[in-house]
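S.K.: My questions all concern the structure below.
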Amino acid sequence: MFALYILLFLAAPLYVWRFSIAPGSYELPANFLMLAGFAVIAAGLLEVLARKQFLAFLDHIKSLPKAVLVGAGLILVASIISLMAFGVTPEKIGQWVVLYAQPLTIFLLLSFYTARNPGVLRKLSLAAYALVFAAGCVAVYQYFTLDTLPAAWQGNSVEPKRAIAFFAHPNAFALFMTPVLAWLIPDAVKHFGRVWEIFRSSNSWWQQRSEILQNKLVVLAWLVGAFGLFLSLSRGAWLGLAAAATAYAVLSANKKVLITFAAIALIAAGIVASVPNLRYRAILPFHGEKSSVARLSLWDTGTKMLADSPVLGKGISGFDINWDKYNTDPNLDHYNFPHNIFLNFWIDLGLAGLVGFAIIIAWSFWRGIKKRKNDIAMGLLLFMLATTIHGLIDIPYLKNDLALVFWMVMAVSVAYLSPDRPAKAEL
């Protein structure tokens, strides 16, 4: 069963393969990732029933941290209310399925499976390394050769040259990569430390070359992924990953880690300052750049929507549906989201959904700080921090792949961080 969860994680970018089910009057928009999600859910439920573990599954759900249960429950209930209260359409049903129903169901099944098969966490992390490495390689190749890079992102008067890897847009690439790279930071640092330790203390490092190679490959995968993300020129991604790295350096209370991260930050800042394409990308928001000004207008439009319906919000896809009614900026094209994760949740799911999301984030932060010596707790904290910081100016979560990865990372983390789970856990 673990192979299906791993394949589902790796298939996350395939949400771009879209089509329709039951064409005609009842046409329902769908995509490959949605169907893959249904297949994994069906397989998971069948396994629970075949092994006669349904009661154990219910007990597992009850044993999850209360804050996580309350937060996830509020999000689920709010999503159902938001789906029904403002008129049901095929498009809204599709959004409800891929953003809430499927990810939350997979969260419960995967956390139950991980609690009984601890090796799943390590396998999922290795899948994450493979995915960020592949995306990073494609992004680097695109940026320096322009091959496979659409003309719109090869550099023009509107947009600078930006890598997209195998995603449809630079921001889609950045939104996926940023929290995953943040989640892997503690593990990547551990592997780097292991290589350094072997070289420093062992007189027989040649005999341990296999272990050195394995650790090097993990570190290389992370670095290639981070460099590829850097070339997306997503400032929200830069900010989110920098915030996660800084938090790790500070909370680790390790002088060597702090100095290393400070050196990396200075090198990155020097590169940005010396390369015109990167330098202009960094400073343009302070000179009235269109996309930056647009954010202010989007937030104003979202705030006006909430002023009209502060408790229920505007329902799933509410910002998109109500755009023409509330937008007063004639210079803006139609936007589907307000580009702020808290406004996103409040408008789509109402106050209950916003509170549920805030509880999930707060629990992850609290658990990460309290157990900061635990790589899993720290990884979850950094994942959520990168998501929220990036989400201040973009749209994390509200895409099929992002919602799925959000709850899969929560699932494997909660499986270890609950009080009755294994005390010793490593990636």
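S.K.: If you check Tyr416 against the conditions, is it over 17 Å from the mean Cα position of the chain (by Cα), among the hydroxyl-bearing types (Ser, Thr, Tyr) and either assigned to a loop (DSSP other than H, G, I, E, B) or under 19 Å from Val70 (Cβ atoms) (or both)?
M.R.: When the stated conditions are applied, Tyr416 does not pass them.
S.K.: Report every pair of residues separated by at least 6 positions or lying on different chains whose Cβ atoms are under 9 Å apart, first residue within segment 50-69 and more than 24 Å from Leu380 (Cα to Cα) and among the polar types (S, T, N, Q), second open to solvent by 40 Å² or more (accessible area, probe 1.4 Å) and not in a loop (DSSP other than H, G, I, E, B).
M.R.: Gln53/Glu47; Gln53/Arg116
S.K.: Next question. Check off (1) modelled with pLDDT under 95; (2) polar (S, T, N, Q); (3) under 21 Å from the mean Cα position of the chain (by Cα) for Gln102 and give me the number that stays unchecked.
M.R.: With (1) modelled with pLDDT under 95; (2) polar (S, T, N, Q); (3) under 21 Å from the mean Cα position of the chain (by Cα) applied to Gln102, the lone miss is (1).
S.K.: Only one of Phe342, Phe357 is of a type in the set (Phe, Trp, Tyr) and within 15 Å of Ala67 (Cα to Cα). Can you tell me which?
M.R.: Phe357
S.K.: Is it fair to say Val224 is of a type in the set (Val, Ile, Thr), at pLDDT 80 or above and within 13 Å of Gly136 (Cβ to Cβ)?
M.R.: In short, yes.
S.K.: Sticking with this structure for a sec: Check Val70 against each of (1) β-branched (Val, Ile, Thr); (2) modelled with pLDDT of 95 or more; (3) closer than 28 Å to Val16 by Cα and name the one condition it does not meet.
M.R.: Here Val70 clears every test but (3).
S.K.: Please enumerate the residues belonging to segment 142-162 that are surrounded by 20 or more Cβ atoms within 10 Å (Cβ to Cβ) and either in contact with a Phe, Trp or Tyr (Cβ under 7 Å, 6 or more places away or on another chain) or under 20 Å from Ile395 (Cβ atoms) (or both).
M.R.: Correct list: Trp153, Arg162.
S.K.: I need a count of the residues in segment 1-29 that are modelled with pLDDT of 90 or more and either among the polar types (S, T, N, Q) or open to solvent by 60 Å² or more (accessible area, probe 1.4 Å) (or both).
M.R.: 3
S.K.: State whether the residues of segment 130-149 include one that is among the aliphatic types (A, V, I, L, M), closer than 30 Å to Gly71 by Cα, in contact (Cβ under 8 Å) with a residue 12 or more places away in the chain and assigned to a helix (DSSP H, G or I).
M.R.: Looking through segment 130-149, at least one residue is among the aliphatic types (A, V, I, L, M), closer than 30 Å to Gly71 by Cα, in contact (Cβ under 8 Å) with a residue 12 or more places away in the chain and assigned to a helix (DSSP H, G or I).
S.K.: If I filter segment 72-92 for residues that are exposed (fewer than 14 other Cβ atoms within 10 Å of the Cβ) and among the basic types (Lys, Arg), do I get at least one hit?
M.R.: No: zero hits.
S.K.: Filtering segment 385-413 down to residues that are within 18 Å of Ile185 (Cα to Cα) and either part of a loop (DSSP other than H, G, I, E, B) or among the small types (Gly, Ala, Ser) (or both), which residue is modelled with the lowest pLDDT?
M.R.: Once the filter is applied, the top-ranked residue is Ser413.
S.K.: In this structure, does Ala165 turn out to be outside any helix (DSSP H, G or I) and open to solvent by less than 10 Å² (accessible area, probe 1.4 Å)?
M.R.: Considered against the rule, which asks whether it is outside any helix (DSSP H, G or I) and open to solvent by less than 10 Å² (accessible area, probe 1.4 Å), Ala165 comes out as yes.
S.K.: Counting just the residues of segment 150-162 that are of a type outside the set (D, E, K, R) and part of a loop (DSSP other than H, G, I, E, B), which one comes out farthest from Val275 (Cα to Cα)?
M.R.: Pro150
S.K.: Within the group Asp324, Asp333, which residue is open to solvent by 40 Å² or more (accessible area, probe 1.4 Å), in a loop (DSSP other than H, G, I, E, B) and either free of Cβ contacts under 8 Å to residues at least 12 places away in the same chain or within 20 Å of Ala85 (Cα to Cα) (or both)?
M.R.: Asp333
S.K.: Related question: Whether any residue in segment 339-360 is open to solvent by 10 Å² or more (accessible area, probe 1.4 Å), at pLDDT below 95 and either within 22 Å of Thr246 (Cα to Cα) or not in a helix (DSSP H, G or I) (or both) is what I want to check.
M.R.: yes
S.K.: Take the residues of segment 302-316 that are of a type outside the set (A, V, I, L, M, F, W, C) and assigned to a loop (DSSP other than H, G, I, E, B): which is most open to solvent (accessible area, probe 1.4 Å)?
M.R.: Step by step, filter segment 302-316, then rank; the result is Pro310.
S.K.: If you take the residues of segment 206-220 that are under 15 Å from Pro186 (Cβ atoms) and modelled with pLDDT of 85 or more, which of them is surrounded by the fewest Cβ atoms within 10 Å (Cβ to Cβ)?
M.R.: Among those that are under 15 Å from Pro186 (Cβ atoms) and modelled with pLDDT of 85 or more, it is Val219.
S.K.: Just checking, how many residues over segment 247-283 are over 25 Å from Asn156 (Cβ atoms) and open to solvent by 70 Å² or more (accessible area, probe 1.4 Å)?
M.R.: 9
S.K.: Under 7 Å between Cβ atoms, at least 6 apart or on separate chains: pull out the pairs that start in segment 221-240 with a residue that is on the phi > 0 side of the Ramachandran plot and end on any residue that is crowded, with 23+ Cβ neighbours inside 10 Å and part of a helix (DSSP H, G or I).
M.R.: So the pair list comes out as Leu233/Pro170.
The values are calculated or read from the model by the stated rules, or taken from the named source; none is laboratory data. These figures come from a predicted structure and were not determined experimentally. All Cβ positions, even for glycine, are placed from backbone atoms using ideal geometry, and neighbour counts span all protein chains on display. Ligands, DNA and RNA are excluded from the accessible area calculation, which covers all protein heavy atoms including side chains. Shrake-Rupley method; radii C 1.70, N 1.55, O 1.52, S 1.80 Å.
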